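FYI, it's all coordinate maths here, none of it is from the lab. Everything numeric in this text was worked out from a predicted model, so none of it was measured. When we count neighbours, we look across all protein chains shown, and the Cβ atoms used for this are built from the backbone with ideal geometry, even at glycine.
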Amino acid sequence: MIISNRCELCGREPVNTTVHHLTPKEMGGTFLPTANLCIPCHKQIHSIYTNRDIVTLGLTDLQSLRQDERMIPFIRWIRKQPATTIPRVRKSNHVRKS
């Protein structure tokens, strides 16, 4: 579902957001907290982490995602981009092999 809003991760607005399950549904997060993320932030998370990684690395809240060493440069960069920017994202080799 896409909603026009503010991204809870990078803070850009107004952007189309999607619902991100902070704990992946397949890892028991169906009824746990969610966050409204812009499409680029949501894609970036899933391009560098598997659902198992998200849980084992403790990336199940916005603060830990913002402080993650692999997300910091992306967030810093995407904040400078226009709200309409949706960059191409390549899945990391780690995610592709999973």
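Structure above, values below:
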| read-out | value |
| --- | --- |
| Hits in the stretch 55-83 - residues which are free of Cβ contacts under 8 Å to residues at least 12 places away in the same chain and either of a type in the set (S, T, Y) or assigned to a helix (DSSP H, G or I) (or both) | T56, Q63, S64, Q67, I72, P73, R76, W77 |
| Selected residue (only one of M71, M27 is hydrophobic (A, V, I, L, M, F, W, C) and more than 12 Å from the chain's Cα centre (by Cα)) | M27 |
| Test result for P14, of a type outside the set (G, A, S), without any contact (Cβ under 8 Å) to a residue 40 or more places away in the chain and surrounded by fewer than 17 Cβ atoms within 10 Å (Cβ to Cβ) | no |
| Number of the exception - A35 against (1) at positive phi; (2) under 10 Å from the mean Cα position of the chain (by Cα); (3) of a type in the set (G, A, S) | (1) |
| Tally, over the stretch 78-98, of residues that are of a type outside the set (V, I, T) and surrounded by 14 or more Cβ atoms within 10 Å (Cβ to Cβ) | 4 |
